[in-house]
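A short reminder: the numbers here are calculations on the coordinates, not readings from a lab. A quick note: this is a predicted structure, and the numbers were derived from the prediction, not measured. Here the Cβ positions follow ideal geometry from the backbone for every residue, glycine too, while neighbour counts run over all protein chains shown.
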Amino acid sequence: MEPLVVIEHGPVTVLTLNRPDRRNALSAEMLGELIAGLEAIDADADTRCVLLRGEGKHFCAGADFSDISAGAEKGARYGGGFEALLRGIEDLRVPVVCEVQGAALGAGCQLLAAADLAVAATDARIGIPSARIGILLDLEKIQRMIDAIGAAHVRELLMTGRELDGTEAASLGLVMKAVAPDALASEARDLAERVAANAPLSVQGTKAAIREILGHGSLHRATDAGVFAAHDEASLRALTSADAQEGLAAMRDKRPPEFTGR
């Protein structure tokens, strides 16, 4: 059985999501491999930049809903694992560059917000369809999106569930640039190599400084426990609701959902 995550170490370490038959949807097992992979990369002194990409036609079509919808407890464990992955990307000592082709939806879009840089194909499909499924994002994930593109754009994307192409994602700053699909791999690699060619202490220090600046005055579980508790309760209610089951069923059946607010 092939690994769900492939790592090729070097000055530019390539981290490939390797589940093309499922459009690289993130399963719980895949999350574990990614977190372990980031830990291995962080310990590799030769790595100066990470290039995160998806095998096949898509970057990452989102979370594997078979892992999320199997009950509140399993869904909560998945959510915790995914947040650990996003924080692992943010806390990694070296920058992460995303190569975005095809679908970057839901969890795939959130990977872009956690990464440092991204290049997308002009025809990429980027967005978070949580409202169309009946899911409420954690506060950390909403905050991360606001840090990336601002509150006004996050309101529209999350409340309408619409998708951006690569060009619009670049205009909002979610990705650095949009390029023709046949130029994507070389453009993303070139960007990662230019980062890797620079002084590691400067590059890594810049990444750490930007994370500190973005985090200044933001919400944290340790100091804002009440806010997080209330939101977590609302998120769990949404996850276990009849509407969430209806949203997933409608997605499987390729039909419009009929939400009831329950």
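Couple of notes before you dig in:
- With Cα atoms, 0 to 90° folded angle of helix 151-160 axis to the chain main axis: 50
- Share, in percent, of DSSP beta bridges within the chain that are antiparallel, nearest 5: 20
- Across the alpha-carbon set of region 1-123, the Rg to Rh ratio works out to 0.95, Rh being the Kirkwood radius.
- Per-residue extension of 0.36 nm, minus the Cα-Cα distance of Lys57 and Gln245, leaves a gain of 64.9 nm for this segment.
- Within a straight-line Cα-Cα reach of under 19 Å, Lys177 can be paired with the following aspartates and glutamates, leaving aside sequence neighbours fewer than 8 residues apart in one chain: Glu99, Asp116, Asp123, Asp147, Glu163, Asp165, Glu168, Glu187, Asp190, Glu193.
- Per-residue Karplus couplings for region 136-142, computed as 6.51 cos²θ - 1.76 cosθ + 1.60 with θ equal to phi - 60°, are listed in order as 10, 5, 4, 4, 4, 6, 5 Hz, Gly and Pro entered as x.
- With only Cα atoms counted, region 134-251 has Rg and Dmax values of 18.5, 53 Å.
- Put in order of Cβ neighbour count within 10 Å, fewest first, the listed residues Asp46, Asp116, Asp91 become Asp46, Asp91, Asp116.
- Förster radius 25 Å - calculated FRET efficiency between Ala84 and Met1 (Cβ-Cβ, nearest 0.05): 0.55
- Relative contact order of the chain, pairs being alpha-carbon contacts under 8 Å that are 6 or more residues apart, as %: 18
- When only Cα pairs below 8 angstrom with a gap of at least 6 residues are kept, region 111-167 shows a relative contact order of 56 percent.
- Grouping the Cα pair distances of region 137-202 into 5 Å bins from zero gives a pair-distance distribution of 3, 15, 18, 19, 14, 16, 12, 3, 1 percent in increasing distance order.
- Near Ala63, the amide H atoms lying under 5 Å from its own belong to Leu26, Ala107, Gly108; only residues 5 or more places off or on other chains count, and H is placed 1.01 Å from N.
- Principal-axis tilt of helix 72-91 within the chain, Cα atoms, nearest 10 degrees: 20
- When each of Met30, Met176 is scored by the number of other beta-carbon atoms lying within 10 Å, the sequence from fewest to most is Met176, Met30.
- Where Rh is the Kirkwood radius over Cα pairs, Rg/Rh for region 1-67: 0.98
- Within region 97-198, DSSP assigns beta bridges of which about 10% are antiparallel (rounded to the nearest 5).
- With neighbour counts taken as other beta-carbon atoms within 10 Å, the residues Val12, Val6, Val119 rank, fewest first, as Val6, Val12, Val119.
- Remark: the Cα gyration tensor places region 12-51 in the oblate category, a/c being 1.5 or greater and a/b not exceeding b/c.
- Region 196-262: radius of gyration and largest Cα-Cα distance (Dmax), Å: 20.6, 55
- Shape box of the chain [Cα atoms, principal axes, largest first, Å]: 54, 43, 39
- Relative pair counts by distance (%), Cα atoms of region 71-168, 5 Å bins: 3, 13, 23, 26, 21, 12, 4, 1
- Under the Debye formula (equal points on every Cα, no solvent term), log10 I(q)/I(0) of region 170-215 at q = 0.24, 0.26, 0.32 Å⁻¹: -0.96, -0.98, -1.03
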